[in-house]
Amino acid sequence: MVDLGCGNAYLTFAAYRYLSQRGLDVTLVGVDVREDQRRRNTELAERLGWGDRVSFVAGTIADAAVEPAPDLVLALHACDTATDEALARAVRWKARWVLAAPCCHHDLAAQLRARPTPAPYELLTRQGILRERFADVLTDALRAGLLRLHGYRAEVVEFVDSQHTPRNLLIRARRTGTGPTDEQRADYRDLVTQWQVTPRLETLLADTPEHPLPDGAGRDETGAAGRDETGPEVRRAG
């Protein structure tokens, strides 16, 4: 497992304790850009007696050296496009599971301010607060869409009540090995074209081919292209 942008490593240590107490053989690497955080977290892991199972490296989310490639990627409240960097790294690793809780969404919000709103959606962006909230929704919808294009089943769920934090959405993705359908490609492309935006995650994955659609994959018995059974809705994690 790897925790990208781990900071003080509260999630890193909690995740290791939770999983190891359930009998799972877990090794976990925390990544943070600050060397002082790496030293502090490493010392704490040693004091807890976990130094051989929990380690830390200093580096960026995009470039930190992590070997071997993880099965599970965590990213909690990585600010703005740092969440995109974490998702892109997970896709390149071909991680089996991705759990990412986004934080602020400045990138697409700035793009929406700089471009005319397509008709008939002017009311969505006329008021600043509504435009910012719409940017949040659009950003995470496009992130989930891009993950589907790269072989993941992606859901957006509420993982904690909003009274604890307003940043309470979780992008939960599982690598399925199933490629995207033509409909899924068209849904994504139509949305970014209509709103004239370029998601940061799309740019980061530009050199990573979409997961190919194997013969017969993603189709029902009649040969029709199947839809993601999770649907596009936002729902609370059970």
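Tell me the mean residue ellipticity at 222 nm calculated for the chain from its helices only (DSSP H runs of n ≥ 4, each -39500 (n - 2.57), averaged over every residue, nearest 500). It comes out at -11500 deg cm²/dmol, rounded to the nearest 500. Amide H to amide H distances under 5 Å link residue 178 with no residue, where only residues 5 or more positions off or on other chains count and H is placed in the peptide plane.
Backbone N atoms of the stretch 77-95 closer than 20 Å to the 7 Å Cα→Cβ label point of residue 103 belong to residues 77-90. Once both labels are positioned 7 Å from their Cα atoms along Cα-to-Cβ, the gap between residue 60 and residue 40 label points is 2.3 nm.
When the Gaussian network model of the chain links Cα atoms closer than 10 Å, the mean-square fluctuations of 73, 91, 137 top out at 137.
Couplings for the stretch 6-12, taken from phi via the Karplus curve 6.51 cos²θ - 1.76 cosθ + 1.60 with θ = phi - 60°, read 6, x, 7, 6, 4, 5, 4 Hz in order; Gly and Pro are left as x. Working from the pairwise distances between different alpha carbons, so that the mean of 1/r is found and then inverted, what is the chain's Kirkwood radius in Å? That comes to 19.0 Å for the chain.
In the elastic network of the chain, a GNM with C-alpha springs shorter than 10 Å, the most mobile of 63, 84, 32 is 63. Computed over the Cα atoms of the stretch 74-150, the ratio of the radius of gyration to the Kirkwood radius (Rg/Rh) comes to 1.04. The simple Förster model, with R0 at 45 Å and r as the Cβ-Cβ distance, assigns residue 21 and residue 185 a FRET efficiency of 0.60. Residues 56, 159 in ascending order of nearby Cβ atoms (within 10 Å, fewest first): 159, 56.
A short reminder: the numbers here are calculations on the coordinates, not readings from a lab. Computed from a predicted structure; not experimentally measured. Heads up, the Cβs are rebuilt from the backbone with ideal geometry, glycines too, and the neighbour counts pull from every protein chain shown.
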